[in-house]
Amino acid sequence: MKVCSASLRRMVASSLILAITIIPMPLAMAQGGAKTISDVEGFDPLPESPMEKARREGTAINLSLTEATKIALENNIAIAIQNIQEENTRLNVSSARAAYDPTLSISALSFSRTVGYTTDFFGNLADNTSDTQNLSGVTVRKRFLWGGNASVGLTGLNRRDISNSIATPTYSSQISLSYTQPLLRNLRIDSQRNQIRIANLNLETSEINFKNQVTTVIAQVQQQYWALVLAIRQYEIQRNSVNLSRMNLRDNRKRLEVGTVPQINVLQAEANLARTEVSLFSSENSILQAQNNLRQTMSGDRTSEIWKKFIVPTDLPDFVEYKIDLETAIASALQKRSEIETARLNLKQNEWSQQLNRENKKWGLDINVSYNRSGNAIPIDGNPPILKPGTTDQYYSRYPQGGLPSAIKSIFSEPGYTFQVQFNITAPIWQRSTDIQIAQNEIQRRNQLTQLKQTEQNIMVEVTNAVQTLQSNRLQLTTAAKARELSQQQYENEQKRYDVGMTQNNVLLDALNAVGSAEVSELQALINYKQAIVTLQRAMNTLLESSQFTLARGTATDNIPKFKY
């Protein structure tokens with residue numbers, strides 16, 4: 001007995017021919033939505049898909065994986081935070097070097113003193129005495145990276161003495177040069193130079209962290225982008241499954257009317273339709289969550305325009321086999337991983353701290369060399385000094401006239417100078433605190449070496465797991481592709497059986513649903529394989545190198561990933 005009338009069979013066959021369009025590859029979805037089965041007669045139209053709604057409202061934005069990654073690298077908040085931290089670290093380096101910038105100091109002093117009437121040795125009454133001095137000076141000091149420091153100073157003095165009715169105004173100036181150089185302690189290193197070295201190490205660490213954050217964002221975008229591709233494809237398959245369930249329910253109702261199926265078949269079809277509708281709502285929510293995750297990685301803040309857009313992926317996950325042996329992968333990871341680089345920098349910082357502590361235990365031997373010259377002048381004519389009655393101006397005859405500028409000019413014309421060499425020795429008696437610091441640094445070094453071994457072992461396990469996962473996902477992809485081919489063949493066989501009346505339409509619909517499920521499984525396996533590649537490249541710290549992006553070098557504000565065109 002035939003399962004249905006000829007007219008009913010023709011109607012079902014035409015519906016199933018249309019239903020074949022639910023098995024396009026994701027390219028159709030990427031180009032504007034997968035083809036879907038038309039609304040089934042007797043049922044309310046399905047609501048708009050998220051993509052259809054976005055295109056109708058004009059909020060859809062087509063993005064390739066490269067474009068999404070570029071937007072994320074330019075706007076990601078975590079990268080911006082790390083970039084600010086690196087800029088602050090660069091300023092710390094400049095701050096440490098600022099100690100070697102030359103300094104200029106200017107001083108001015110006005111001094112006045114008056115002594116009342118006094119008596120000399122013989123009891124004679126002497127007049128009052130007054131002394132007025134105006135002193136000014138300028139000094140330039142400079143420290144050097146080899147431990148020495150130098151200073152150059154120029155001072156000028158205007159002095160006026162009045163004693164026993166005698167006023168003797170004079171001008172004098174002096175230039176002094178001094179240089180001090182440590183010969184033992186602080187010769188090779190001191191606390192300031194060590195601070196500069198540590199600041200540079202911190203800058204290297206900051207650059208490593210910045211690169212690591214960029215790699216993290218690239219990995220996140222790839223994982224979230226392909227997750228969105230999969231969610232959209234699953235929604236399209238599930239949407240068509242709803243229509244297929246509606247077709248099955250409609251056909252069973254018609255068979256019930258002609259008496260070819262019992263009531264239980266209709267109830268089962270209704271229950272199946274309810275389950276597919278629930279799955280449709282769940283798959284739509286998966287799209288929205290995948291959208292939010294990708295937007296968060298791509299956006300700079302909550303007011304970003306990307307939050308108002310619906311991201312439509314335009315790339316399909318293509319299969320490119322990735323081959324690498326385990327030993328090569330582990331060696332690459334141990335050489336390039338940020339944790340290893342950071343640990344080595346910490347060991348170097350500990351070594352430098354030990355060097356400084358040992359330097360502080362040395363004796364101090366400093367040499368100071370100084371050179372001084374002075375000049376003098378008297379007031380210009382017209383304002384001569386007041387001398388005792390009967391004296392002449394011969395006392396001042398050898399000094400130039402003109403005030404303080406003349407005194408400065410005479411510094412190098414007068415023959416007198418002072419040259420001095422001085423040695424200073426400081427011997428440490430008991431430096432218990434330094435000895436404790438040396439012991440603590442040695443303990444810290446051993447601890448850091450132990451932690452480095454643990455980190456290397458953790459990396460080895462991580463890379464090993466990543467390689468094994470990659471190999472496993474490769475086998476799963478092969479199996480999923482084979483399963484899809486078999487599902488397609490089974491559907492084609494059921495189609496032939498249905499054409500000759502050897503099977504029911506619900507069996508054919510189940511076979512068609514199986515093809516859709518197999519396609520999603522294959523897509524999931526392909527995405528898992530690509531994500532396994534990303535995981536392995538990230539474990540080896542080669543993801544940035546294998547991407548289409550590179551880091552710009554320069555100031556911190558320029559240290560933003562640039563796309564390699």
Calc'd 3J(HN,Hα), the range 488-503, phi into Karplus 6.51 cos²θ - 1.76 cosθ + 1.60 (θ = phi - 60°), Hz, glycine/Pro = x, comes to 5, 5, 5, 5, 5, 5, 5, 5, 5, 5, 5, 4, 9, x, 9, 8
Normalised contact order of the range 234-344, rounded percent, pairs of Cα under 8 Å and 6 or more residues apart
22
Could you pull out the pairs from LYS211/LYS309; LYS53/LYS308; LYS53/LYS530; LYS323/LYS530 whose alpha carbons sit more than 19 Å apart here?
LYS211/LYS309; LYS53/LYS530
Taking the simple approach of a point 7 Å from Cα along Cα-to-Cβ for both ALA80 and LEU486, what is their distance in nm?
5.2
Give the dimensionless ratio obtained when the Cα radius of gyration of the range 406-534 is divided by 2.2 N^0.38 Å.
2.93
Calculated FRET value between LEU104 and THR434, using beta carbons and R₀ = 25 Å, to 0.05:
0.10
Could you give the length gained on full extension between SER64 and ARG141, defined as 0.36 nm per residue of separation minus the Cα-Cα distance, in nm?
21.8 nm
Computed FRET efficiency, Cβ-Cβ of ARG55 and GLN451, R0 35 Å: what is it to the nearest 0.05?
0.05
Once phi is turned into ³J(HN,Hα) by the Karplus curve 6.51 cos²θ - 1.76 cosθ + 1.60 with θ = phi - 60°, what whole-Hz value does each residue of the range 270-276 show in order, with x for glycine and proline?
5, 5, 5, 4, 4, 5, 5
Taking the simple approach of a point 7 Å from Cα along Cα-to-Cβ for both LYS362 and LEU288, what is their distance in nm?
7.1
Counting other Cβ atoms within 10 Å, which chymotrypsin sites (Phe, Trp or Tyr not before Pro) in the range 252-345 have at most 15 and lie in a DSSP loop?
PHE319, TYR322
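A short reminder: the numbers here are calculations on the coordinates, not readings from a lab. Everything numeric here is computed off the predicted structure, so don't read it as measured data. Backbone-built Cβ (ideal geometry, glycine too); neighbour counts: all protein chains shown.
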